[in-house]
1. Tell me, what does the Kirkwood hydrodynamic radius of the range B:361-432 come to in angstroms if you use every pair of distinct C-alpha atoms?
2. Relative contact order for chain B: what is it in percent, counting Cα pairs under 8 Å that are at least 6 residues apart?
3. Subtract the Cα-Cα distance of residue A:156 and residue A:14 from 0.36 nm times their separation in residues, and report this length gain in nm to one decimal.
4. Mind jotting down the distance between the C-alpha centroids of the range B:393-460 and the range B:275-352, whole Å?
5. Stretched out fully, how many nm does the piece from residue B:602 to residue B:235 gain, at 0.36 nm a residue minus the Cα gap?
6. Which distance in nm do the two modelled labels at residue B:577 and residue A:43 give, with both placed 7 Å along the Cα-to-Cβ direction?
7. How would you rank B:533-542, B:238-247, highest first, on the average number of other Cβ atoms within 10 Å across their residues?
8. Tell me the Kirkwood hydrodynamic radius of the range A:3-78 in angstroms, computed as one over the mean inverse distance between distinct C-alpha pairs.
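Rule-based calculations on the coordinates, nothing more; no lab input. Just so we're clear, the structure is a prediction, and the values are computed from it rather than from any experiment. Methodologically, a virtual Cβ is constructed for each residue, glycine included, from the backbone with ideal geometry; neighbour enumeration extends over all protein chains shown.
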Ligand code: FES
Ligand code: FES
């Protein structure tokens, strides 16, 4: 039994036929070929599947695709391209915030949510915001550094924008 | 041009990873693809009396169902590839799917292939199996005793091997010693937990007889070799591709039945087959790490000279011998019992024991963390028994820096070292004397602070192939590179190693760019595909940079030699009169007569005007086989405070000083240390894989297995010393495992140090609050210490 859903992903409307039990993460990966969103667990612990729904970080393995209908979804592919990186992508690159890269899209989406709520987080606040995102490679030190760096870039951009 | 070798340039691999455009194995999608799912045994040990797949075969979307008996004759059992000699190693058959007996909870019983992932899963639930449960045993020491359940007909007492290492006269040393200490240490089972679970996609072209296998692998050439054995398929008909790989930590070295089953199905059905494990499946069946029970002793003189070390180790292998398993608790463990010290008398006995747990194999550090841990725990215990400072005892017993190469009692020859320099550098970061004073004062007020030191060495950069052969490793340990220069001067380098997060696309490009005096952006490193890379042995054992990086360097030098010949010809000069300067070959004394690397690349590739007898083209291949292993070292310091009321351990500072020789990219080295340290901190503080007595994995999901989170881990301070290795042209040593090798012992040493007033001599990791609290309560009850430090 399949039904049609229309999802708004990275600014484009996409209609697909899915089983009602299909998880958003599977639909993103298998139907929409947005494979930047990863699956690292089956108990909603790892955060590799994190996307933004209505601007908030959500684990896409805990949402049915049909539930996400009508809400704007942003995946890592919608953050920035190699020639026009989002400040978080740039900072993860600059600060060596990734090694194997598997956790990275989820980390970046969670960090994006954090910076919207808290533009100047402390190390501690960053570490707590990453409660639901696991990384096995980096020991988190450079992820924290990257998010701090991106926060500074975003703040500088905002104040430059305000001054202009 | 600034020096490229040694600079912290950004990684070349990152743009695809941070934009979501990288391709991991589960991202591979092929036309007509089908999906596989496994039925796995719910019992740790049982006879299979009946398997009924008829309902599953009828289920929607199902294309095929395979049982153990269906595939038994089509495939060779999963090979174990490390036949350690002189230990009567017994390797029982490990069939792709269990035929009549299951030996751990997770053992494969059947595989379903269906049109969709969900249909395959649904059909697995329809398979009906009758089991006759048999007794299980997951404790390696108990499994080796008479009367324990027998897991393999041809392995009495489940003892896979008894391996002995001996040098000097340990028995005599212990007899004569003034100070003796002993510990019983449990090195708990760990779950490697690469964030990307394992996956495989197989595609077979019946017309050409070619199998292509995308697989989460740290060593695609080894996977090709072992798949060729398992599938009885000629090796040249198999192409193995390790695309982007999301971490491995050893768990993606072995050959597993799963990728062989997926390949068999693809060959049988003529359609591509994909399988991706979920995390629960990963925790059940992907290899585990450690699992030692160790009885260890150290002895020495009252003034702190260590004279002997003795061990008896029960190393759990799990249900079957995984690819490298026998070598891990032996060659990579017992041979490094001397640590950083001149211990003249060593004797170790290691029993490899089959149990009812998942197979145990290489997990980050693989045997060396277990060795460093027992040695460094013993050094601290010995220092305390001798009433000496642990720093002084380490200093007194270090192999002196002018004694390298140094042969330790176990027979290894350490290539280089300056252990005291690393210790000094680490101690500079803290005020040791003051810490000790404050510690003593704190004890009086119930404030339990401790310091843990570890001065580790490791054997890595695996290694000379001749030695690999001599110790029964079923392959070589050289590595390889092809450096290919295009007409426009752009360079591609094809390597035998297979990085999966270590950043070698960047560091190896730095090696080449430095050699040719060209921008690093003009060098591309290609890896992971057996169809275009030369035979190599993969990325593990902190070997890629020391071994494969050296192959890259040698191949680049060969290219440069040829370029020099061409330059001499074009400049009508003698080769001897040319010098390499600023990226050009120039005639000495007349710098205007010069040819840049790019010009020579074009001249060689068009071949219009070659020197007599020189072939056109500009590329070279190198197979680099080192003359010895490399032995990185360092000192790590951990400062903790323990809350004696709750048992909670607070890591207040963590300092890592490591020496891996010259660093090609310090940013990447630092990242490796960070990650390694945190894996060791997880091991020390919270990670443990627990089976119940019937062999059920109780920590089977990420809810129960405590992978470190950002909020649980401290900041890590890093620094380094530089002692080049003489065994490779770069002078480099490995750094991937160093952090893990050092950090678990540093934490436990610190906690035991903090709890001195209670007279606690050891607590087994992981030091969860419950365990620390229980140790304090037990110590109080036994009256070992009053908690005030005046014992
Ligand atoms: S896959 Fe969603 S939290 Fe792990
Ligand atoms: S970079 Fe590998 S898991 Fe985070």
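1. On the way: mean 1/r = 0.0710 Å⁻¹.
Final number for the Kirkwood radius of the range B:361-432 is 14.1 Å.
2. Numbers: 2063 pairs, mean separation 119.6, N = 791.
With pairs under 8 Å counted, the relative contact order is 15 percent.
3. Working: separation 142, 0.36 × 142 = 51.12 nm, distance 3.53 nm.
Residue separation times 0.36 nm, minus the Cα-Cα distance, leaves 47.6 nm.
4. Distance between centres, Cα-based: 22 Å.
5. Working: separation 367, 0.36 × 367 = 132.12 nm, distance 3.64 nm.
Working it through step by step, the gained length comes to 128.5 nm.
6. 7.5
7. Working: B:533-542: 26.2, B:238-247: 24.1.
Listed from highest to lowest mean packing, they are B:533-542, B:238-247.
8. Values: mean 1/r = 0.0835 Å⁻¹.
Taking the inverse mean of 1/r over all distinct Cα pairs, the range A:3-78 comes out at 12.0 Å.
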